[in-house]
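Notes follow once the structure below has been shown.
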2 protein chains.
Amino acid sequence: MANITKKVSWSSRADESASSASTGVGEGTPLLNGSEGPRFSRQDLIRAQTREIPHNEKLLSLKYEGLDYDNIENQLFLEEERRMSHMGFQCLEISRWVVCGLIGFLTGLIACFIDIAVENLAGLKYEVIKRNIENFTETGGLSISLILWGGFNAAVVMMGSILVAFFEPIAGGSGIPQIKCYLNGVKIPRVVRLKTLIVKVVGVICSVVGGLAVGKEGPMIHSGAVVAAGVSQGRSTSLKKDFKMFEYFRRDTEKRDFVSAGAAAGVSAAFGAPVGGVLFSLEEGASFWNQMLTWRIFFASMVSTFTLNFFLSVYNKKTGDLSNPGLINFGRFESESVEYYFYEIPLFIAMGALGGLLGALFNVLNYWLTIFRIRYVHRPCLQVMEAMLVAAVTATVSFTMIYFSNDCQPLAPENNEEYPLQLFCSDGEYNAMATAFFNTPERSVRSLFHNQPGSYNPLTLGLFTLTYFFLACWTYGLAVSAGVFIPSLLIGAAWGRLCGILLASFSSNSSLWADPGKYALIGAAAQLGGIVRMTLSLTVIMVEATGNVTYGLPIMLVLMTAKIVGDYFIEGLYDIHIKLQSVPFLHWEAPATSHWLTAREVMSSPVTCLNRIENVGTIVDTLSNTSTNHNGFPVVAHTLGNDEPGKLCGLILRSQLIVLLKHKVFVELARSRLTHRKLQLKDFRDAYPRFPPIQSIHVSQDERECMMDLTEFMNPTPYTVPQDTSLPRVFKLFRALGLRHLVVVDNENRVVGLVTRKDLARYHMGKHGLEELQLAQT
Amino acid sequence: MANITKKVSWSSRADESASSASTGVGEGTPLLNGSEGPRFSRQDLIRAQTREIPHNEKLLSLKYEGLDYDNIENQLFLEEERRMSHMGFQCLEISRWVVCGLIGFLTGLIACFIDIAVENLAGLKYEVIKRNIENFTETGGLSISLILWGGFNAAVVMMGSILVAFFEPIAGGSGIPQIKCYLNGVKIPRVVRLKTLIVKVVGVICSVVGGLAVGKEGPMIHSGAVVAAGVSQGRSTSLKKDFKMFEYFRRDTEKRDFVSAGAAAGVSAAFGAPVGGVLFSLEEGASFWNQMLTWRIFFASMVSTFTLNFFLSVYNKKTGDLSNPGLINFGRFESESVEYYFYEIPLFIAMGALGGLLGALFNVLNYWLTIFRIRYVHRPCLQVMEAMLVAAVTATVSFTMIYFSNDCQPLAPENNEEYPLQLFCSDGEYNAMATAFFNTPERSVRSLFHNQPGSYNPLTLGLFTLTYFFLACWTYGLAVSAGVFIPSLLIGAAWGRLCGILLASFSSNSSLWADPGKYALIGAAAQLGGIVRMTLSLTVIMVEATGNVTYGLPIMLVLMTAKIVGDYFIEGLYDIHIKLQSVPFLHWEAPATSHWLTAREVMSSPVTCLNRIENVGTIVDTLSNTSTNHNGFPVVAHTLGNDEPGKLCGLILRSQLIVLLKHKVFVELARSRLTHRKLQLKDFRDAYPRFPPIQSIHVSQDERECMMDLTEFMNPTPYTVPQDTSLPRVFKLFRALGLRHLVVVDNENRVVGLVTRKDLARYHMGKHGLEELQLAQT
């Protein structure tokens, strides 16, 4: 069982490397609670580790650390602020804008690169296979074409999958759940590294060219985030290059802000939706809305779309025409097809409900599949083989569907087919099934939206929906870099168009339902909403990608219905995956019925406190103690024995102590070496974010006897709550201010406990009221 | 001088009634600070009240109370929560959605009513005057037409102005500054009352029909907010009708959420911009982003647009066609004119800079005008006369401009003129100046956007820009209900189109600049951005009103440039008016250079504290003491004499104490009358929000000797900060959680001070670093 629990992580290898690199586990939550934490006894934990766990999402991993969005206003910080002039602050503000502009520019370039690479490679592939199929259609021996197609797909997907499975498992999937967690305040190891970015970009090109049922849009969000994290720090730890720029931004708060901008720029580039990007960032990440920050995020988004457009316009030899934004373009909906009527609203809502149902089915199937993968497919080579299998099966199924389809359509100039396959159709006709299967998913979506009424017969669409649904479901969660947006849109567009055609055929006045493309759009929105359950941002993204505001209301109604229906059965796909990783994710509010829980019951206790002037040996021992693994330590005025807790006078982080130990900031040394350089914020920034583990710091026996004065370095005014504060109140404070540690004090201002992310994430609303998750050392 | 200071309020009459109705001044800020608050001595205050004050915006009024967005989690509340089942919470959630739906519906209806009323009345007016002018053009005697026009305008405006000046001054202007303040957490008296709504709606119809340079869009935002505040409370205090519904929502937190939704619904109805509405609410009001709340706001916005569209489509005999949303519709930009090219971007930016300059000029002029009005035009009858004067002058100027214009254009079917004036043009032609002046501003904007190239000659546009600029500037701030959006758009559209025409004439290849309508749109955005300085929301509103996403990037660039350029000179128009009212408005962040200020220096001290079990006489005296006028009182365990402050154990509000006194919740009475009904949250909710003043509550001499037990009613866990907390830290906590009182405690958890809104709003960033505003009893 321990083995299985262990594999509940973003992927098996990320897990291993994370636990060795991690500086410590938990935010000060002692793994073994003392007597004051009755809700979580040692028995619970042992049970969690020894019992067969039927539902992995009932666990909360202790592996993930939190990010610290609270500013540490220690004396060093205040001195630095005091030295800074008004001008200095303005320069900082300007450099924030510059960084955001750079983020947008680079994200746009990456999107451009992905787009051009995919276009060319996929074009090459489809050309070769098309010629091959045409050759063999008359002579017979189409099985050779199938083998060519399947083999090519499997080979390309293998490359992408090897990269992901062996080199950087965190780059798998769409990356959206990981970025959601990061913005929420959870440190996902290696998620914003340069290596991750490279694997992600190359991986997604392989996946799309390999013909999997995936999109290249989701990974753009992750790519944008990595770019942002890199640019804003003004250095690359991987390349060991420090540009000595933007040093002020080397802390969690600033970095998070930039990562928000990066994610927004990614959405913006992917869908040509700058406003949607901003809303995505806010919906997924923000807790405190800040106008200037939002405006900067918007700037990054705009620059990103702009860059992508400009370079694509140059590439497409239409330099300067910036009117076609985004990687996916839903195409221009013509005015006559744009209008909808009052009586169509109930139909849209019904389609939304259907989308919710299908989305829930998709999520349930994917949930089971993911559980299965966690248990049995966790070795990298198995993962690569599964990816290749899926690639081959996708090709085979597509080929079979095209082969047996007899839906022939006349070649018309307005049905702008890229690779029309004639196959067994008569001359001047093409196989309609092939427009859906023998194409990149983006183009298939566009065809479904815009092809003339009558371009598809209902059976083709029905079969396509069915097969693509299962293929997409099987594909999501493979060890490849790929997004789920486009497959969802494609499934929805197919059944949406089917609905449109059926409506037209049932109705006496067929001109009323003339345009099945409209229903394809609504279906696409419904299906996507049913799977990912995003709300406001998705509406805006869809509207921006459509390029037409008129559909705002129906799309919104459809997304809302899909969300309500879907939520009745199961959560959104991203949330499922986050839960399966046991990430301590904080939702927007505490569970509604949790007012009776107080900080006293929620907090971790007893807490290891340090004295204001503390013995070095004690500090080293505390940091080395693997059974506690705290990351934050309340500093108290003086502890009178072990029984009476001391009065709170500050809070210090493990990372700060590590830097202090490394620089040997001991009271005795300071006295002897008067010329010794005073420690500055720069030293902390240089070490950020990869602080060395305590084991790597050598402290001699003599030094252990020295004392350390923490006064200058600790945060002198940490936020506190009294013991009787209710959980929702604690939650609100914690979430709104992005805290990592919240000190619980008694009436005399003495430390009695510490509330961390895990203590709050533990409680959630189940079907039968408040439930608690179990902590596990996964 | 005292007289002048006194008039610095939303209007003179609101001020008087507010001060008599108000239950108290200040949030616990003692007007006369004790020795511990050295930054604000009594001398400062006296100086503020006796010295001639050159800049009114350097004052901070003590008149405004704060709203309490923090939940009072006292025992009554916890008991109620405990009694509520999981089902109960779900019902609450559903009723929130129902309320939002109702808000959207009613706001849409109001918008519909305004639109139809304005269309018909203005249509009637222009028909009559047009016929009159046509009659007199040949016979001579056009001066009679002028008198008719001017007289009609003045009469209609007089009606609107009398309503505003005599009955409800708070309904004057666009209402956006007031709603901004409300959402920020400042209680503006009477701003969300039914009477205000009625005056607002009738007033805006009069203003627009009266031909003033105003729009009907701004007031919709205020109207939506009033509707929201009314509907969500399930009763009308004005009508003395309690529907016994939604009682749970009778508190500041819930009400604010609904008012956000109402404001969004207003924007949505006004501009057909549901997403823009949501962003407006968030940009102006939100501090804590909550996904469910945002989604509900979006729902209200959507319902509002939908309702408006539906009823307008019925009215326009095109039932069911929902494709033309909003009160103002920029019309559909055709595909060929939609595109823009890379080389146009610098031009757009230059136009943005021009918009910023013109906007700053507008704001400076309006600022001087407002100062003048505050000093000399504060009597209602003077205000009415000024409004009539403006109306007459507007008509005269318009008439003169039309009269002397010789810009004749051929009547073409595509230039869809509503009231073409032939005047001295030859047959089959019309006066181009009249399309701009002889029309509702909304229609003029549309003509400037969409009329064929060549419909206006440059001189016409130049003269129109010049005159309309000064007219609009004079009009804003009159005692009429009117918005500034449309006049700004109109000015901008005029000079924007002028730019387009000039570019085309300078360029050799005129087809490159074929469409001056595009430049009209950019100019409109630049001018509006330069005046109001809204950012993200304005971009989205413009994009949604245009109905085309393609212009997103240029509009954003233009708005950003306009904001940067404009901010260099003076603040946005709304912010100027807020400052001139000396409202304690909290911005997004504390001033950058304020880290050296701590809670000790910022807080008000000493604080009047109450004991947990307190003497009734003491409470009555404390509440009656006009020199302190606190609104919140820390409750302490036991005060040992006056010197040593007691340990904090709760916080109780003036309004709660009033209710307790009214129900005579005394310890002695509880003992004697065992059957006495226990006080419930319902009693507090019934009294909300108009708690009676302490003077109206009779407490006999015997009762004064009784004791009151505050334990059950006080908030037992108020947020606290230690004395050394820096101002930005205090600010962040205060702003993020929407607090009204923040208790400052010492190391022993004893109360040493109280931080309220005014203490934080006092510090702001001036040209030369940190500045302090002076508190004044305006």
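A few remarks follow.
Every residue, every condition in (1) of a type outside the set (D, E, K, R); (2) touching a strand residue (DSSP E or B) at 6+ places or on another chain (Cβ under 9 Å); (3) closer than 23 Å to A:Glu386 by Cβ; (4) open to solvent by 50 Å² or more (accessible area, probe 1.4 Å), yes or no:
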position	(1), (2), (3), (4)
A:Gly104	yes, no, no, no
A:Leu124	yes, no, no, yes
A:Ile144	yes, no, no, yes
A:Asn153	yes, no, yes, no
A:Ile176	yes, yes, yes, no
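- Selection count, the range B:155-174, where residues are crowded, with 22+ Cβ neighbours inside 10 Å and part of a helix (DSSP H, G or I): 10
- Across the range B:591-604, the qualifying residues are those that are closer than 7 Å to B:Leu727 by Cα and aliphatic (A, V, I, L, M), and the one among them that is surrounded by the fewest Cβ atoms within 10 Å (Cβ to Cβ) is B:Leu597.
- Failed criterion for B:Lys758 (all others in (1) in contact with a Pro (Cβ under 8 Å, 6 or more places away or on another chain); (2) under 24 Å from B:Asn625 (Cβ atoms); (3) open to solvent by 10 Å² or more (accessible area, probe 1.4 Å) hold): (3)
- Subset tally (residues that are aromatic (Phe, Trp, Tyr) and at the interface with another protein chain (Cβ under 9 Å from one of its Cβ atoms)) for the range B:719-739: 1
- Candidate set: the range A:80-97, residues that are of a type in the set (D, E, K, R) and surrounded by 15 or more Cβ atoms within 10 Å (Cβ to Cβ); chosen: the one farthest from the other protein chains (Cβ to nearest Cβ): A:Arg96
So that you can scan it fast, the table gives a plain yes or no per residue for (1) open to solvent by less than 10 Å² (accessible area, probe 1.4 Å); (2) in a helix (DSSP H, G or I); (3) among the polar types (S, T, N, Q):
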site	(1), (2), (3)
B:Met401	no, yes, no
B:Phe424	no, no, no
B:Pro453	no, no, no
B:Ala472	yes, yes, no
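- Pairs meeting the criteria (first residue in the range A:116-143 and farther than 12 Å from A:Val208 by Cα, second residue open to solvent by less than 30 Å² (accessible area, probe 1.4 Å) and among the small types (Gly, Ala, Ser), beta carbons under 9 Å, at least 6 apart or on different chains) are A:Ile129/A:Ser145; A:Asn132/A:Ser145; A:Ile133/A:Ser145; A:Asn135/A:Ser145; A:Phe136/A:Ser145; A:Thr137/A:Ser145.
- Extreme residue, nearest to the other protein chains (Cβ to nearest Cβ), among residues of the range B:342-381 that are in contact (Cβ under 8 Å) with a residue 60 or more places away in the chain and of a type in the set (Phe, Trp, Tyr): B:Phe348
- Looking only at the range A:200-218, residues that are within 15 Å of A:Val164 (Cα to Cα) and open to solvent by 10 Å² or more (accessible area, probe 1.4 Å) come to 4 in all.
- Annotation: A:Ile374 fulfils all but one of (1) open to solvent by less than 60 Å² (accessible area, probe 1.4 Å); (2) in a helix (DSSP H, G or I); (3) more than 30 Å from A:Glu168 (Cα to Cα); the unmet one is (3).
- The set of residues from the range B:564-623 being among the hydroxyl-bearing types (Ser, Thr, Tyr) and within 14 Å of chain A (Cβ to nearest Cβ) comprises B:Tyr568, B:Tyr574, B:Thr593, B:Ser594, B:Thr598.
- Residue that is nearest to the other protein chains (Cβ to nearest Cβ) [pool: residues in the range B:698-712 that are more than 30 Å from B:Gly738 (Cα to Cα) and hydrophobic (A, V, I, L, M, F, W, C)]: B:Met707
- Qualifying positions in the range A:243-253 - touching a residue at least 60 places away in the same chain (Cβ under 8 Å) and either farther than 24 Å from A:Trp295 by Cβ or of a type in the set (Asp, Glu) (or both): A:Glu247, A:Asp252
- Look at (1) of a type in the set (Lys, Arg); (2) surrounded by fewer than 23 Cβ atoms within 10 Å (Cβ to Cβ); (3) more than 13 Å from the chain's Cα centre (by Cα) and you find that A:Lys187 fails only one, number (3).
- Test: residue in the range A:255-277 that is modelled with pLDDT of 85 or more and farther than 28 Å from A:Met542 by Cβ: yes
- Test: residue in the range B:544-563 that is within 30 Å of B:Met302 (Cβ to Cβ), part of a strand (DSSP E or B), in contact (Cβ under 8 Å) with a residue 60 or more places away in the chain and open to solvent by 10 Å² or more (accessible area, probe 1.4 Å): yes
- For B:Asn715: the one exception among (1) more than 8 Å from chain A (Cβ to nearest Cβ); (2) at pLDDT 90 or above; (3) open to solvent by 40 Å² or more (accessible area, probe 1.4 Å): (3)
- If the condition is being part of a helix (DSSP H, G or I) and either at pLDDT 90 or above or open to solvent by less than 70 Å² (accessible area, probe 1.4 Å) (or both), then the range A:129-142 contributes A:Ile129, A:Lys130, A:Asn132, A:Ile133, A:Phe136, A:Thr137, A:Leu142.
The values are calculated or read from the model by the stated rules, or taken from the named source; none is laboratory data. Keep in mind that what you see is a predicted model, and the values were worked out from it rather than measured. Counting neighbours? That spans all protein chains shown, and the Cβs are built from the backbone with ideal geometry, glycine included. With ligands, DNA and RNA removed, areas are computed over all heavy atoms of the protein, side chains included. Shrake-Rupley method; radii C 1.70, N 1.55, O 1.52, S 1.80 Å.
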